1. When you have a sec, figure out the Kirkwood radius of the range 1-135 from all distinct Cα pair distances and drop it here in Å to one decimal?
2. List every DSSP H helix in the chain whose Cα atoms extend 18 Å or more along the helix's own long axis and whose mean Kyte-Doolittle hydropathy is at least 0.0.
3. Just how far, in whole angstrom, is the range 52-68 from the range 284-305 if you go by their alpha carbon centroids?
4. Please list the radius of gyration and Dmax for the chain, considering alpha-carbon atoms only, with Å as the unit.
5. Suppose every K and R has +1 on its Cβ and every D and E has -1 on its Cβ; what is the size of the dipole of the chain about the Cα centre, in Debye to the nearest 20?
6. If you put +1 on each Lys and Arg Cβ and -1 on each Asp and Glu Cβ, how big is the dipole of the range 1-135 around its Cα centre, in Debye rounded to 20?
7. Note the direction-averaged projected area, equal to a quarter of the hull surface, for the Cα convex hull of the range 269-396, in nm².
8. Would you mind ranking Ser170, Ser182 by Cβ crowding within 10 Å, fewest neighbours first?
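None of the figures in this text is laboratory data; all of them are computed from the coordinates on show. Everything numeric in this text was worked out from a predicted model, so none of it was measured. Don't worry about glycine lacking a Cβ; one is built from the backbone with ideal geometry, like all the others, and counts go over all protein chains shown.
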Amino acid sequence: MNRAGGVSRWTHAFAVASALGMVGLQATYLLDWPIRVIGLFGLLGAVLPMTFGMAYLLLPAYVGTTLATPRLPGVHLVVSYAGAAVLVAGQLTTLSRALVTAGATLWSIGVACFLAALGATIVPVLRADPSVVIRGRDRPQRSTRAATGTVLLAILYLAVGTIALLTRMSGIQVIPSATIPSVVHYYAVGFAALLIVSLGARLLVGFYHVVPPRLLTWGALGGGAVAPALIAGSFWSWPLFQVGAVVLAFGILCYLGMVAVVALRTDRRRIGLVGVLAGAFAGVGGVLVAATVAIDGDAAWLIEAHVPLVLDGFLLLTIIGYAYEFFPIGTGQFTGASERVGLATIGIFGFGVVLRAVEPLFRAPMVGDAGATLGIVGTSVYAYVLTRRLAGIHVR
């Protein structure tokens, strides 16, 4: 198997693992797990695997090369899922400090593999020719530089969040006030969301041949870059936490503007864009709810709406949208291989997110359970069609 084929194989493995994690995440809502455990499970089991897999494929391509060490992603996948399972179990039950530390260590080894593989691939290219990252003609040069810079910052947030997690679980406080919620926000806001905004600034142009207004792009990149440090670094500490919530809301509003402009101007109608646009709307709802909670402590009950809007609505709907762009199911030869089925998965899952988000308003657990059930249906069909689609791609 050649190097590119090895990377594709592991990207597909991460994508399938992420899809199965999405199904499991919906089940956690029905099981009534604590919110912070749901957040940890969703990030480690569903959001980050797909983010890692696509980063292995896309980031080296942006500097005109392929991954230098195609075997490391396989190690990453195995040890990170083993570590994630222990970490989630440690939040649900009473495990020994040694076992929880072992889980954090395994997860951290996986992140280290990710950083090492990208570093060994990208750093030599940048040393030889730093201008390679801004040669693309699909965007104005300054915006390209900014997007590339924020990708590097997202990777830095991943590293900081991993150090915070490892030291928190081992009892060594290297990063002050490192808690599970702050780690979750380093990962969710600092790494996953910022990477979505950064890569989206380039992917939207590449897929749909529309360049969003520069003001929106810079607003989205700037807000996404600054907010994670304020939010995760000062979790619930006035006033930085509140400022961070407002900055993040501004950045995601600009991101929604970017996606909306592309959706309105493009003549390329694809189901993936529906998922990305729906994710952007959910992201705005999620950050506005978060800003409300941050400013008004009496509205803390809205956290129950914030989690599904951001975790499922923004992150997962966006992931599903881009998955359908990179792996179009309409070209497959199997039952369910159609864009109509793909659109149905987005609609069913998206409606489930809405029901879970409005549950706190009506104080009706049955509404949330109905939303979680729809979520299981939508993600199960998505996992099926994606797995069958990727199984039909033969890598030499």
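1. So the Kirkwood estimate lands at 15.9 Å.
2. 3-30, 48-62, 72-92, 97-128, 141-170, 194-208, 214-233, 240-265, 271-295, 339-362, 365-391
3. If you average the Cα positions of each part, the centres end up 36 Å apart.
4. 19.7, 60
5. Values: 24 positive and 12 negative charges, 263 e Å.
Dipole size: approximately 1260 debye.
6. 260
7. Averaged projected area of the range 269-396's Cα convex hull equals 8.5 nm².
8. Values: Ser170 16, Ser182 22.
In order of increasing Cβ crowding within 10 Å: Ser170, Ser182.
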